[in-house]
Amino acid sequence: MASSQADLEPPPLPRPPTPPSTRDRLRDFRDRLADLIDDRGRWRSVAIAGVLALAGLGAWVLTRPPDAGPPLESVLPTVEPLVATTPAIVDSSPLVVHVAGAVARPGLVEVPTGSRVADAVVAAGGATATADLDRINLALPLSDADHVHVPAEGEIAVGQGALGGPDPGPLDLNRADEAALDELPGVGPATAAAIVAHRDEHGPFTSVTALQEVPGIGPAKLERLRELVRVGA
């Protein structure tokens, strides 16, 4: 069957869309602007709500009661205070000791700090053959300016003459040598030598008062010596 003239004609092309009018464009812009304003309003509300929440949390922290949690002292570690210490000063200077009596070199000797009587005796040249070392305490510690007297056999010492030994009582004026007399208070080497010289020249003392006949001994010194000396047979 033959096609008609109408069937052979191509279909009509679609018409291009009609551009929106100015009024339509203004309406569309208005709608978009309104939506944008609504979106910004919602974000602003969220931001304001967040700020208010943070402000409330800060106010709660600042105004909470003191017993709301453990005290700060129980949380922080305990730190012991530092104590400044001063190093001890050790005096290492030598001791000066006077050694008298039955030693090889009587006089002043120097011994190290911490020395004992035995060290002072050795520093003075050692004890002589007549020394009676059993009458003194050789183990006694020394101090500066000590006076160590080493008695001879048969000698009667007095007071601190034998440094640390027992006090044998008053000194016998008729038996004591110059070293023992030198230990008496107020009696130096010159007066001790004068006592021995007087005894050798005039014989044994008959009383303690007779000491006043010795040059250098007056009434005041005699009173100081009266309880420390005696006259033996």
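Against the condition surrounded by 20 or more Cβ atoms within 10 Å (Cβ to Cβ), at pLDDT 85 or above, farther than 22 Å from P189 by Cα and not basic (K, R), how does L133 come out, does it pass? In short, no. Restricted to the stretch 195-231, and to residues there that are more than 15 Å from L181 (Cα to Cα) and open to solvent by less than 60 Å² (accessible area, probe 1.4 Å), the residue that is farthest from the chain's Cα centre (by Cα) is G203.
Here A124 passes the criteria (1) surrounded by 17 or more Cβ atoms within 10 Å (Cβ to Cβ); (2) over 24 Å from P189 (Cβ atoms) except the one numbered (2). Only residues that are more than 14 Å from A179 (Cβ to Cβ), assigned to a helix (DSSP H, G or I), in contact with a strand residue (DSSP E or B) (Cβ under 9 Å, 6 or more places away or on another chain) and free of Cβ contacts under 8 Å to residues at least 40 places away in the same chain: list them for the stretch 115-134, please. Result: D119, A120, V122, A123, L133.
Contact annotation: residue pairs with Cβ atoms under 9 Å, 6 or more positions apart or on different chains, pairing a residue in the stretch 203-226 that is in contact (Cβ under 8 Å) with a residue 40 or more places away in the chain with a partner that is open to solvent by less than 20 Å² (accessible area, probe 1.4 Å) and in a loop (DSSP other than H, G, I, E, B), are L225/L184; L225/V187; L225/I217.
The values are calculated or read from the model by the stated rules, or taken from the named source; none is laboratory data. Computed from a prediction, not measured in an experiment: that's the story for all the values here. Don't worry about glycine lacking a Cβ; one is built from the backbone with ideal geometry, like all the others, and counts go over all protein chains shown. Ligands, DNA and RNA are excluded from the accessible area calculation, which covers all protein heavy atoms including side chains. Shrake-Rupley method; radii C 1.70, N 1.55, O 1.52, S 1.80 Å.
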